[in-house]
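The values are calculated or read from the model by the stated rules, or taken from the named source; none is laboratory data. Just so it is clear, the structure is predicted and the values come from calculations on it, not from any experiment. Cβ sites come from the backbone with ideal geometry, for glycine too, and all protein chains shown count toward neighbours. Calculation scope for accessible area: heavy atoms of the full protein, side chains included, ligands and nucleic acids excluded. Shrake-Rupley method; radii C 1.70, N 1.55, O 1.52, S 1.80 Å.
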Amino acid sequence: MCNSTRLLGGGLVFAERGRMVHLQEPTAAPQRRRYFPLLALFITLLLASCSSVQFAYNQLDLWLRWQIDDYVDFNGAQKQQLKAALNNFHRWHRQTQLPRYADYLEQLADRVDQGQLDTVKLEPIETQVKEFWETTSTQFYDSLLPLAAQLDAEQVEELAQNLDEKRRESLEKWQKSPEKIQKRRRKQIRKQSERWLGSLTDEQENLVAAWVNQVAYNPLLRDRQRQAWQAKFIDILRRKPDGYLKQLRELMVNPEQLWSDDYRRMQEQRHLQMRELSHQILASTTDEQRHHLSTTLREYAADFRALVRD
């Protein structure tokens, strides 16, 4: 399966809003980490890094089943329930959400053509992207949460063990090779920037490099938040108190309820710094880059409309 894209910055060109999901804590903040597997959408649809957006999107439900299987060994009946839930969600998303994305991307392309990049306000774009994300993720959670009621004690313990293992692996990567991860972050931002703008200028390359070097990230803070979220999630699954599915839903929709003050400040600072990078790069775009951006936005919009017709 192809890797998914991350829109950079405020949701137009440079944002960390979208992310590939695995079975880990979901988030409402703009950060490029991996989270609970019940979300893989927005990136695959906004937009896949495969050569064919349509191919990637049509394989999404299968890819999600593979991801979820890495964490829990479902029995036959549960696998059928999961497959039906994903198929229904996929159908809903194709019919109701893709047309909205296509309309919005065409609106953004019109603004690019009208020469509005120098003065573009990213906050309204962030708000719209957030609304797209929250609508999709909430529907996704609601589709799959009933499956949680079918997990037995052994499966819950298997899930807890796998969540903890993935968390430890993520932390160890940061501790063993922070320089390598910084280099990868710079490469990813540059790659996704070039997807939308074409080749970057030297000035833009320097802006990206400076951002990666200056933006603070504390993996220990992140790890503590993941531990807190996962512990709460597993505790609810183990005890299954009255209304536990509602509690699980709230935990996934609003993970910020468990954020520490330090972690919240770090995320807010990163968000503001990414927005500033977005403004700087957008303001420095050449005529050729703007044409590339407009063309790319319209191509993705056309792909989404073709998917709706499938």
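Here are some notes:
- Tally, over segment 104-133, of residues that are open to solvent by 70 Å² or more (accessible area, probe 1.4 Å) and in contact (Cβ under 8 Å) with a residue 40 or more places away in the chain: 4
- Test for Val208: is it in contact (Cβ under 8 Å) with a residue 60 or more places away in the chain and under 25 Å from Leu151 (Cβ atoms): no
- Where a residue in segment 292-304 is hydrophobic (A, V, I, L, M, F, W, C) and its partner, wherever it lies, is not in a helix (DSSP H, G or I), with Cβ under 7 Å and at least six apart: Leu293/Val13
- Qualifying residues in segment 248-263 (those that are open to solvent by 70 Å² or more (accessible area, probe 1.4 Å) and free of Cβ contacts under 8 Å to residues at least 24 places away in the same chain) - the one nearest to Asp142 (Cα to Cα): Glu250
- Checked against the criteria, Leu151 counts as assigned to a loop (DSSP other than H, G, I, E, B), more than 29 Å from Thr285 (Cβ to Cβ), in contact (Cβ under 8 Å) with a residue 40 or more places away in the chain and of a type in the set (A, V, I, L, M).
- Which numbered condition Ser143 misses (of (1) loosely packed, with under 15 Cβ neighbours inside 10 Å; (2) under 30 Å from Ala231 (Cα atoms)): (1)
- Residue count for segment 66-95 under the criterion of being farther than 29 Å from Phe304 by Cα and either without any contact (Cβ under 8 Å) to a residue 12 or more places away in the chain or not hydroxyl-bearing (Ser, Thr, Tyr) (or both): the result is 8.
- Positions within segment 52-84 being under 24 Å from Gln161 (Cβ atoms), at pLDDT 90 or above and part of a helix (DSSP H, G or I), in sequence order: Gly76, Ala77, Gln78, Lys79, Gln81, Leu82
- Residue pairs meeting the criteria (Cβ under 6 Å; at least 6 apart or on separate chains; first among the aliphatic types (A, V, I, L, M), in segment 223-245; second open to solvent by 60 Å² or more (accessible area, probe 1.4 Å)): Ile236/Gln247
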